[in-house]
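J.: Handing you a structure now.
The values are calculated or read from the model by the stated rules, or taken from the named source; none is laboratory data. As the structure is a prediction and not an experimental result, all values here were calculated from the model. Virtual Cβ from ideal backbone geometry, glycine too; neighbours counted across all protein chains shown.
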Amino acid sequence: MQTAEIRRRFLEHFATRGHTVVPSASLVSPDPSLLFTVAGMVPFIPYLTGREPAPFPRATSVQKCVRTLDIEEVGKTTRHGTFFQMNGNFSFGDYFKDGAIQHAWELLTGSVADGGLGFDPERLWVTVYLDDDEAADAWHRIAGLPVERIQRLGKKDNYWHTGAAGPGGPCSEIYYDRGPEFGPEGGPLVDTAGDRFLEIWNLVFMQYELTDVRSKEEFTVVGELPNKNIDTGMGLERVAFLLQGVDNMYEIDEVAPVLRRAAELAGVAYGKDHEADVRLRVVADHVRSGLMLIGDGITPGNEGRGYILRRLLRRAVRSMKLLGVEDAALPELLPVSRDAMSASYPELATDFDRISSVAYAEEEAFRRTLTSGTALFDTAVAQAKKAGTPALSGEQAFSLHDTYGFPIDVTLEMAAEQGVTVDEEGFRALMTEQRDRARADARAKRTGSVDVLAYRRLLAEHGPTDWQAYETLRTDSRVLGVVTEGDDDAAPRPVGPGEITRVVLDRTPFYAESGGQVADAGILTWDGGRAEVIDVQRPVKGLVAHQVRILEGELREGAELTAEVDREWRLSACQAHSGTHVVHAALRQVLGPQALQSGSYNRPGYLRLDFAWQGALTAQQRTDIEDVANAAVRADHAVSASWMTLPEAREFGALALFGETYGEQVRVVEIGGPWSRELCGGTHVRGSAQIGTLALTGESSVGSGSRRVEAVVGLEGFRYLARERDLVRQLAELLKTPQDGLVERVGGMLSRLRDVDRELAELRSRQNLAAAGELAAGARDVGGVAVVTGAPSGLGGGDLRTLALDVRGRLGDRPAVVLLASESGGKVALVAALNPAALAQGLSANDVLKAAAGPVGGRGGGKADVAQGGGTDAAGIPDALQAGEQAVAAATGR
Ligand code: SER
């Protein structure tokens with residue numbers, strides 16, 4: 001039974017039993033205490049705890065979940081997947097234990113013809129919590145289960161909570177007996193490995209409020225919840241692998257296609273070699289999880305969710321590389337995963353351009369450094385082993401992270417594979433140091449590292465700067481102080497051309513960076529000199545400091561000058577800042593008032609705005625936001641600013657943002673009166689039409705529950721659209737297609753390309769087949785061993801390996817060694833393969849390969865039966881083959 005069908009039957013079963021079908025929530029957990037949605041109940045936590053009244057007494061869902069605690073187990077067992085789907089039914093103070101047991105039993109054992117799942121009742125077992133006689137009795141009474149198949153287990157197995165403070169309770173788990181070939185008799189109580197008795201459904205009797213949750217078994221029960229609730233979770237992948245008659249969750253219809261494609265790319269057969277199988281399963285699991293996480297708006301990064309996504313994608317890429325695949329893997333695998341998943345999640349297909357570009361960019365970034373990073377790692381490990389202290393230093397792990405982009409967990413795993421430890425503490429200390437340095441740098445950039453004392457002295461002497469940014473773009477000013485880094489501020493000196501310094505004026509029209517708006521640009525001119533203003537800050541409250549580069553003449557304290565803001569710059573800055581308010585109002589109009597801004601940045605022509613929101617915006621929402629914003633621009637709303645006290649501003653409905661500290665009197669900027677009212681100290685256009693064009697250019701996640709939109713405005717907005725138009729024109733010309741036929745044309749080309757790729761692959765495999773016969777016929781006897789060496793041209797590692805295995809297969813049962821070398825794309829691939837009879841003579845593919853690698857300037861390794869490697873010097877191929885053959889001769893004693 002297909003996974004999508006199991007899911008459909010589940011929802012229908014509960015829908016016909018009075019449950020409201022609720023769509024899956026995002027993988028970004030709606031509960032802020034959890035990184036990801038880890039169970040079907042997460043979106044219902046407010047109803048389970050009674051914090052909010054449940055809108056329905058019963059609900060059912062198939063929830064997307066991610067759990068990454070067991071990431072190292074992926075691929076090794078039958079059960080661990082980082083992404084999985086949990087089918088659940090929920091009762092909020094409606095039915096309790098009896099109802100939950102009855103519903104579950106009917107679905108599991110109901111016949112397939114009647115819409116059930118058709119499990120054999122004789123193979124089902126259950127467990128209940130130690131003292132839960134009520135549940136044990138219900139299983140016997142309702143399901144007719146014999147008492148010996150109702151077992152009791154403690155908190156570790158039969159008590160459920162999310163791992164954080166919240167609702168919890170005893171639970172009852174349903175197990176399926178896979179049969180004696182998977183383990184001993186005796187039920188889940190005995191089968192601690194969990195291979196024979198597979199848990200498929202957990203019914204949680206959620207009736208307590210927990211706090212101080214320290215582990216699965218250690219927590220404090222605060223009291224009873226207002227209601228006795230039911231929360232159940234059936235592992236969709238587990239049920240699927242049982243019903244599909246396969247061995248594990250990696251082989252079900254939604255995952256196996258990726259696994260098969262990966263095996264094909266690697267030229268290995270699944271099920272032949274344990275190590276390769278584990279890698280293939282890791283790839284299949286991680287590619288799907290990456291697809292689903294990016295689908296829900298997560299992007300790879302170095303913290304939190306972004307880090308986990310990065311780790312999954314990079315593990316997948318590394319596993320493919322270990323399987324011998326040199327080319328980019330995700331462009332081959334991600335579309336396969338999409339095709340397997342989009343029956344249940346159609347948005348994966350519609351949003352695939354965005355999803356794939358995020359994933360491919362991440363693979364590209366990692367691939368650029370993977371080889372050099374691996375080399376560094378190998379050297380470090382070899383040194384560590386030689387030094388007799390099998391540990392990598394914190395610096396080495398840090399350099400792998402910082403320069404080569406190896407997530408620390410990937411380094412830890414690679415080290416464990418080599419039996420080497422890593423000084424993790426040292427690594428973390430270096431990370432903290434780097435973070436602190438970055439923060440200090442950012443601070444220094446703002447105020448300069450000049451001691452603020454110099455500014456305090458100027459403020460005490462002259463009072464606050466007469467700040468005219470709202471009134472004018474030009475003032476006549478006097479230089480109160482010239483503060484140059486590194487100078488003793490007691491002895492100020494004039495500064496000359498090329499020098500950069502900070503200038504304090506008695507009066508200025510320059511806007512100092514604040515509230516997300518960047519500083520003004522402009523010019524200071526005085527008799528005999530000019531300076532360009534490159535930054536403006538307020539190093540101490542009330543005082544404006546201009547960072548300037550002297551262009552001509554000398555600037556000294558006491559000079560009279562003209563300070564003038566660049567008119568174009570300011571207009572563009574006003575467009576961007578007013579544009580930010582317009583986008584904020586549009587966001588709240590389209591998404592609702594909860595889409596509140598949490599930070600913003602704007603500079604001439606560009607703006608970005610972060611706001612509270614779960615999950616990615618849909619294409620429709622983006623279009624709506626752009627439409628509302630541009631309608632407000634066209635309406636030419638008046639823009640005005642007024643001063644009032646903070647309570648008055650609140651009364652007035654102005655939005656106060658992100659904990660800025662506002663003075664006594666606050667400034668409220670309105671666009672179209674109540675349409676947009678915000679507390680703001682920035683500069684703005686006079687009417688919204690002045691904003692000109694407003695085009696959204698991006699939307700992304702910036703961490704937990706927070707999204708970012710980016711836009712271009714004014715002339716930049718126009719240029720952006722013009723560039724897009726030009727691109728479409730160029731494409732249309734190139735493809736000789738009218739513009740509105742482009743999509744169809746490119747689609748057609750892509751599908752032709754796929755056909756050609758397929759034909760090429762077939763052709764290649766036919767050619768290889770032919771070559772295999774010829775090579776095998778040329779076998780020579782070396783000391784009683786049939787040796788084939790050869791140098792077919794143009795084959796990469798994967799193809800060469802396939803060919804070598806094919807030749808080996810044709811040499812029969814006599815001892816046989818195959819050594820092939822091939823040049824392709826400036827690189828040399830080498831493969832050595834032996835058959836069991838050769839192995840029995842003490843020969844090793846690894847030794848043959850090592851001997852051959854030298855002459856082509858390369859290296860490689862592998863196992864005794866097949867070894868693979870490469871080099872760069874094609875001229876050495878004949879010597880390499882001879883060296884390999886000599887190694888065989890030496891080993892056979894000839
Ligand atoms: N919350 C329980 C679990 O995740 C049942 O849904 O197992």
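J.: Which residue, of ARG752, ARG764, ARG723, is surrounded by 12 or more Cβ atoms within 10 Å (Cβ to Cβ) and among the basic types (Lys, Arg)?
T.: ARG764
J.: Suppose we filter THR77, THR16 for residues that are more than 14 Å from the ligand (Cβ to nearest atom), among the β-branched types (Val, Ile, Thr) and either crowded, with 22+ Cβ neighbours inside 10 Å or within 30 Å of PRO300 (Cα to Cα) (or both); which single one remains?
T.: Of THR77, THR16, the one residue that is more than 14 Å from the ligand (Cβ to nearest atom), among the β-branched types (Val, Ile, Thr) and either crowded, with 22+ Cβ neighbours inside 10 Å or within 30 Å of PRO300 (Cα to Cα) (or both) is THR77.
J.: I've got another one for you. Determine which member of the set PRO170, PRO146, PRO188 is out of contact with any helix residue (DSSP H, G or I) (no Cβ under 7 Å at 6 or more places or on another chain) and either in contact (Cβ under 8 Å) with a residue 40 or more places away in the chain or within 11 Å of the ligand (Cβ to nearest atom) (or both).
T.: Answer to the selection: PRO188.
J.: Got a sec? Which of PRO180, PRO226 is more than 14 Å from the ligand (Cβ to nearest atom), over 21 Å from ARG7 (Cβ atoms), in contact (Cβ under 8 Å) with a residue 40 or more places away in the chain and surrounded by fewer than 20 Cβ atoms within 10 Å (Cβ to Cβ)?
T.: PRO226
Yes/no matrix, rows are residues, columns are (1) modelled with pLDDT of 95 or more; (2) assigned to a strand (DSSP E or B); (3) of a type in the set (Gly, Ala, Ser):
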site	(1), (2), (3)
PRO792	no, no, no
GLY798	no, no, yes
ASP806	no, no, no
ASP813	no, no, no
GLU823	no, yes, no
ALA832	yes, yes, yes
ALA838	no, no, yes
LEU843	no, no, no
LEU849	no, no, no
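J.: Restricting attention to segment 191-211, which residues are farther than 11 Å from TYR175 by Cα, in contact with an Asp or Glu (Cβ under 8 Å, 6 or more places away or on another chain) and away from the ligand (no atom under 14 Å from the Cβ)?
T.: Listed by number, the list holds a single entry, GLU209.
J.: Continuing with the same structure: Out of ASP70, ASP120, which single residue is surrounded by fewer than 21 Cβ atoms within 10 Å (Cβ to Cβ) and either in contact (Cβ under 8 Å) with a residue 40 or more places away in the chain or under 30 Å from GLY144 (Cβ atoms) (or both)?
T.: After ruling out the rest, the residue left standing is ASP120.
J.: Then there's this: Checking the condition more than 26 Å from the chain's Cα centre (by Cα), within 16 Å of the ligand (Cβ to nearest atom) and either free of Cβ contacts under 8 Å to residues at least 12 places away in the same chain or not in a loop (DSSP other than H, G, I, E, B) (or both), which residue from PHE84, PHE90 passes?
T.: Testing whether each residue is more than 26 Å from the chain's Cα centre (by Cα), within 16 Å of the ligand (Cβ to nearest atom) and either free of Cβ contacts under 8 Å to residues at least 12 places away in the same chain or not in a loop (DSSP other than H, G, I, E, B) (or both) leaves just PHE90.
J.: Which residue out of ILE142, ILE150, ILE230, ILE200 is at pLDDT 90 or above, within 26 Å of GLU254 (Cβ to Cβ) and of a type in the set (A, V, I, L, M)?
T.: ILE200
J.: Right, next: Taking the condition surrounded by fewer than 17 Cβ atoms within 10 Å (Cβ to Cβ) and of a type in the set (Asp, Glu), does ASP378 pass?
T.: So ASP378 fits the description; yes.
J.: Additional query: Which one is farthest from PHE197 (Cα to Cα), of the residues in segment 101-136 that are within 15 Å of the ligand (Cβ to nearest atom) and touching an Asp or Glu at 6+ places or on another chain (Cβ under 9 Å)?
T.: Here the answer is TYR129.
J.: Is there a residue being modelled with pLDDT of 90 or more, basic (Lys, Arg), within 25 Å of LEU243 (Cα to Cα) and not in a strand (DSSP E or B) anywhere in segment 17-39?
T.: Yes, some residue in segment 17-39 is modelled with pLDDT of 90 or more, basic (Lys, Arg), within 25 Å of LEU243 (Cα to Cα) and not in a strand (DSSP E or B).
J.: Something else about it: Could you list, in sequence order, all residues of segment 749-764 that are closer than 17 Å to ASP353 by Cβ and either among the small types (Gly, Ala, Ser) or touching a Gly at 6+ places or on another chain (Cβ under 9 Å) (or both)?
T.: SER751
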